[in-house]
Structures are given as C-alpha cells and as structure tokens.
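Heads up, the thing below is written out as structure tokens.
The values are calculated or read from the model by the stated rules, or taken from the named source; none is laboratory data. For clarity, every value in this text was computed on a predicted model and none was experimentally measured. Ideal geometry is used to build each Cβ from the backbone, glycine not excepted, and the neighbour counts take in all protein chains shown.
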Amino acid sequence: MERTDLKNLTKEELTAVIEALGEKRFRASQMYDWMHKKLARSVSEMTNLSAQLRERLQNEFDYTALKQEVMLRSEQDGTRKYLFGLSDGNVIESVWMQYKHGNSVCISSQVGCRMGCSFCASTLGGLVRNLTAAEMLDQVYSIERDTGERVSNVVVMGTGEPLDNFDNLVKFVTMLSSEDGLNISRRNITVSTCGLVEKLRELADKDLGITPAISLHAPNDELRRRIMPIAKRYSIKELMEAADYYTEKTGRRMTFEYSLLRDVNDSNASARELIALLKGRNCHVNLIPVNPVKERDYERPNMTNVLSFQNLLEKAGINVTIRREMGADINAACGQLRRSYESGTAAEL
C-alpha cells in the first residue's frame with residue numbers, strides 16, 4: 001500500500017491524519033509550521049512533538065526531502081543551478097537567480113517532459129513522471145535553506161509542462177501562497193505553458209491570481225508546428241482564444257515567451273507577423289535568445305536581429321523585453337544539467 005507523504009498534505013488533510021492517530025488538532029499546526037515555515041528536513045527536527053509520536057510518524061509515513069546532488073554557481077552573476085535527487089532515484093533541476101526586486105527560483109514540475117519542443121533539452125528523454133506538490137515545494141524550501149535567503153518569486157518554468165501536471169500544480173500554488181507556509185504572493189508565481197488549451201481555460205476558471213506565460217515561439221501555425229509538436233494539436237487561433245479567455249476571466253495580463261532561433265523565427269518578417277497576431281491584446285512579450293543545446297541543431301541569433309525584432313514590436317506599441325541571460329557559464333538552460341548528470345559528464349561543466 002502506498003504510504004502518505006506528510007509534506008504533500010494541506011493543513012486540513014494533515015489535521016485529519018493527526019486526529020486519526022488519536023492526537024490533538026494542535027499537533028497538526030505544529031507539524032505544518034515545521035514543514036512549511038521552519039523548513040524541517042525530517043520529522044526528527046520537530047522537537048516539540050513527543051519522541052513516541054515522531055517515531056510513529058517516521059515509521060508509518062513518507063516525508064519528502066530532496067537530496068542536493070549538484071550545485072553550480074555562476075561566476076558571472078551568482079546564479080545557482082541545482083540538481084536534486086528524488087526518493088526514487090530520478091533527478092530534477094532548479095535555478096536560483098538574484099534580481100534587484102528579489103530572489104527568484106525556477107522549479108521543475110515533471111521529471112522529463114513529453115511536449116517534444118525541438119529546441120529544448122528537457123524533452124530529449126521524454127516524460128518519466130509528474131512531480132508531487134511536495135516535490136515542487138521542496139525545491140523552493142531546499143534552496144531557501146541552502147542560500148539562507150528569502151525567495152520572493154517562483155517561476156514554474158523548469159523541466160516539464162506544468163499544465164500536464166494540473167492537480168499537483170494547483171495544490172503547489174495553494175500551499176506555497178498559504179499564510180501557513182512561505183506566504184509567497186500569487187502575483188509573484190508565474191506558470192509557463194506551451195499551450196494546453198483546455199487546461200489553460202481550466203486554470204482561468206480557478207482564478208488563482210498567478211501570472212500566466214505562454215511559450216509561443218512562432219507567429220504562425222506552419223512554423224510553430226515545425227518546432228513545437230503541441231501546435232499540431234492546437235492551432236494558434238485556438239491558443240489565442242484561450243489566452244483571451246484567461247485575461248477576460250482573471251484580469252491578468254498574458255506573457256508570451258518567444259525563443260529566438262537563428263534563421264528560423266528571428267527575422268523582421270516574423271516580427272511583423274507577431275505584431276499582427278498580438279496587436280490590441282493586453283500582453284507582454286519576453287524575447288529569449290535561445291541557449292544552444294548540443295543535441296539540437298538550433299543556433300543563438302545574433303544581437304542585431306534580436307534588437308531589430310524588439311524595436312519593431314516596441315514601435316507597434318507592444319510591451320516587450322529581452323530576457324536577461326542568467327547563469328550562461330553553468331549551463332542554466334532547462335534540462336542541460338540533468339542530461340549531463342545522467343550521462344556522467346556533470347563534473348565537466
């Protein structure tokens with residue numbers, strides 16, 4: 001029989017478990033505080049519980065505590081890239097970045113990914129499994145413990161398609177933003193999707209107050225289908241209708257991520273097509289000069305094309321930024337560290 005993971009329980013669920021053990025309700029509050037505020041890595045750290053209760057909890061329940069396998073620190077900007085080991089032997093990546101407005105953590109939502117985007121290292125081995133809410137939370141907790149600094153922004157933009165792990169994602173957001181936990185503002189939680197239309201609409205109906213981001217990467221269906229298999233399932237028209245629905249339902253501005261690939265989607269013609277697509281929408285475009293992946297054929301665009309692309313969008317009145325490159329010297333692009341670790345070459349990075 002599958003054991004219950006204590007860290008994966010909401011406060012209400014934990015209270016029910018503790019009462020079923022014959023303990024007082026306040027024990028659940030003590031435990032929840034240890035797990036989600038004090039960031040205890042084991043039940044043994046919960047010193048205001050009796051030794052008998054701690055022993056029983058350790059014997060009868062699981063407790064997610066990620067193992068730090070690798071940590072790389074950028075000499076350029078202090079960015080830290082983590083590789084965490086899971087209890088089943090799989091590994092996942094997370095990134096810690098320092099900005100003027102606060103510390104940001106980018107987490108993974110799955111082990112691997114099945115979306116198959118042709119420029120991304122995360123999809124090379126396919127999808128292994130979804131992460132639990134606890135495994136998503138503990139990426140943030142482990143990094144806070146390691147850095148000793150408060151995390152103010154969380155981006156679900158690492159390995160995996162978050163909306164392909166919908167229920168665990170919603171639970172993660174709810175627990176992360178709870179006053180009983182780290183209490184991170186939902187406005188400071190960004191969730192990126194390559195465009196699962198039905199799930200995007202379902203997320204809008206939840207109205208969680210989070211910041212949405214759509215990985216667009218192409219201004220037309222023909223090009224998008226070449227680089228993103230999901231585009232064969234959903235047209236750009238369907239995706240834009242879902243994006244508009246999200247904005248209308250929640251009032252939240254949509255971010256469109258656009259990875260610039262040399263001689264693929266970085267031309268002025270592509271920029272003009274993108275303008276026609278987005279004109280009049282309440283949105284922001286995040287241009288991302290692609291990090292080359294050795295298993296893929298795509299190259300990084302030259303800066304002249306990047307700036308020209310940005311300039312055309314700005315002149316058309318579209319809010320646009322070029323993503324600041326972080327951790328370039330430590331292979332901080334999604335999936336790269338995990339791939340090297342599994343191939344035994346992580347030590348060479």
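For the reader, a short list of remarks on this structure follows.
- For ASP207, the stated conditions hold: it is touching a helix residue (DSSP H, G or I) at 6+ places or on another chain (Cβ under 7 Å) and modelled with pLDDT under 95.
- Single condition GLU75 does not satisfy, out of (1) within 21 Å of GLU144 (Cβ to Cβ); (2) touching a residue at least 60 places away in the same chain (Cβ under 8 Å): (1)
- If the condition is being in contact with a Leu (Cβ under 7 Å, 6 or more places away or on another chain) and farther than 21 Å from GLY160 by Cα, then segment 241-269 contributes TYR246, ASN265, ASP266, ASN268.
- Odd one out for GLY344, checked against (1) outside any helix (DSSP H, G or I); (2) at pLDDT 95 or above; (3) out of contact with any Leu (no Cβ under 7 Å at 6 or more places or on another chain): (2)
- Residue-level analysis places GLU179 outside the set of residues that are in a loop (DSSP other than H, G, I, E, B), assigned by TED's automatic domain parsing to the domain that holds ALA213 and over 30 Å from ARG201 (Cβ atoms).
- Residue match in segment 84-98 (condition: under 26 Å from GLU299 (Cβ atoms), over 12 Å from the mean Cα position of the chain (by Cα), charged (D, E, K, R) and surrounded by 19 or more Cβ atoms within 10 Å (Cβ to Cβ)): no
- Residue match in segment 149-162 (condition: part of a helix (DSSP H, G or I) and surrounded by fewer than 21 Cβ atoms within 10 Å (Cβ to Cβ)): no
- Filter result for GLU144 (among the acidic types (Asp, Glu), in the same structural domain as LYS37 (by TED's automatic domain parsing) and at pLDDT 95 or above): no
- Pair list, Cβ < 7 Å and 6+ apart or interchain, from segment 209-228 residues that are in contact (Cβ under 8 Å) with a residue 60 or more places away in the chain to residues that are in a helix (DSSP H, G or I): HIS217/ARG224; HIS217/ILE227
- Of all the listed residues (GLU75, GLU55), the sole one being in the same structural domain as GLN30 (by TED's automatic domain parsing) and farther than 26 Å from ARG186 by Cα is GLU55.
- Unique residue being closer than 24 Å to SER177 by Cα and among the acidic types (Asp, Glu) when the list is ASP88, ASP77, ASP62: ASP62
- Restricting the search to helices (runs of 4 or more DSSP H) fully inside segment 207-322 and requiring at least 1 residues that are surrounded by fewer than 15 Cβ atoms within 10 Å (Cβ to Cβ) and polar (S, T, N, Q) gives 268-278, 303-315.
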